[in-house]
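What follows is a set of notes on a single structure, which appears directly below.
The values are calculated or read from the model by the stated rules, or taken from the named source; none is laboratory data. Just so it is clear, the structure is predicted and the values come from calculations on it, not from any experiment. When we count neighbours, we look across all protein chains shown, and the Cβ atoms used for this are built from the backbone with ideal geometry, even at glycine.
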Amino acid sequence: MVTPLRRFCLDWLDEKAEYLGGDILNVGSRDDHYNYRKMFYNAKTFRNLDIEWNRYLDIVCDAADMHMILDESIDTILAIFMLYNPSDVTPLLDEFKRILKPGGTLLTTYQPFNQPFYINNYESPEVLVTDGGRWKIAGNPIYGNKAQSLIKERFILKDLRKYMENHQNWLFMEATKN
């Protein structure tokens, strides 16, 4: 059975899969139960990576140290429902930036917590707020965990969507390496 949250995620990924191809790395994939590999039919290569071996993985390693992956060799990184696991996402995001090609895409999901996140650095910052499942610019801050501000420092935000289920908020982000 697919939960409403997972359905939202699968639909979001399906939309992104239409235009993303090249070399794709699915980080924190576990058993790839939802078969993201099949969704990204434009991929030249699609590899699953996680820290504990199983038969569905192509790479077994800690995502914060992917030394076996060459610098700027990946077109798209999927980090779906995994950024809330590490105690410090900084090394993880540094690795993502290292292995992504210039213009490469990071697709990620995470739960926001209590840190303000502003989309730009203007003196009077504007922020994104939800509008029927999409985000738009408005005058009130949204809150997020450390991942949000760290992603913003390293990548260019292209798309940010919010999903709310049973009082749990989830953010879905597409960002690009500059």
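Remark: pairs (first residue in region 47-66, free of Cβ contacts under 8 Å to residues at least 12 places away in the same chain and on the phi < 0 side of the Ramachandran plot; second residue in a strand (DSSP E or B) and surrounded by fewer than 19 Cβ atoms within 10 Å (Cβ to Cβ); Cβ separation under 6 Å; 6+ apart in sequence or on different chains) = 53/60; 58/47. The one condition from (1) surrounded by 15 or more Cβ atoms within 10 Å (Cβ to Cβ); (2) under 18 Å from residue 173 (Cα atoms) that residue 22 does not meet is (2).
Candidates 118, 84, 122, 163: the one that is at pLDDT 85 or above and among the aromatic types (Phe, Trp, Tyr) is 163.
Only one of the numbered conditions (1) over 19 Å from residue 159 (Cα atoms); (2) touching a strand residue (DSSP E or B) at 6+ places or on another chain (Cβ under 8 Å) is not met by residue 82, and that is (1).
A search for C-beta distances below 6 Å between a residue of region 19-38 that is over 18 Å from residue 89 (Cβ atoms) and any residue that is in a loop (DSSP other than H, G, I, E, B), counting only pairs 6+ apart in sequence or on different chains, returns 21/42; 24/40; 31/54; 31/56; 32/56.
For residue 91, are the conditions met, namely being assigned to a strand (DSSP E or B) and surrounded by fewer than 16 Cβ atoms within 10 Å (Cβ to Cβ)?
Details: assigned to a strand (DSSP E or B): no; surrounded by fewer than 16 Cβ atoms within 10 Å (Cβ to Cβ): yes.
So residue 91 does not fit the description; no.
Residue check: is residue 71 in contact (Cβ under 8 Å) with a residue 60 or more places away in the chain, of a type outside the set (A, V, I, L, M, F, W, C) and in contact with a helix residue (DSSP H, G or I) (Cβ under 8 Å, 6 or more places away or on another chain)? For residue 71, the condition - in contact (Cβ under 8 Å) with a residue 60 or more places away in the chain, of a type outside the set (A, V, I, L, M, F, W, C) and in contact with a helix residue (DSSP H, G or I) (Cβ under 8 Å, 6 or more places away or on another chain) - is not met. Note on region 37-53: residues that are touching an Asp or Glu at 6+ places or on another chain (Cβ under 6 Å) and of a type outside the set (A, V, I, L, M) amount to 4.
Look at residue 78 and say whether it is surrounded by 13 or more Cβ atoms within 10 Å (Cβ to Cβ), modelled with pLDDT of 95 or more, of a type in the set (A, V, I, L, M) and within 18 Å of residue 170 (Cα to Cα). Judged against the criteria, residue 78 is a match.
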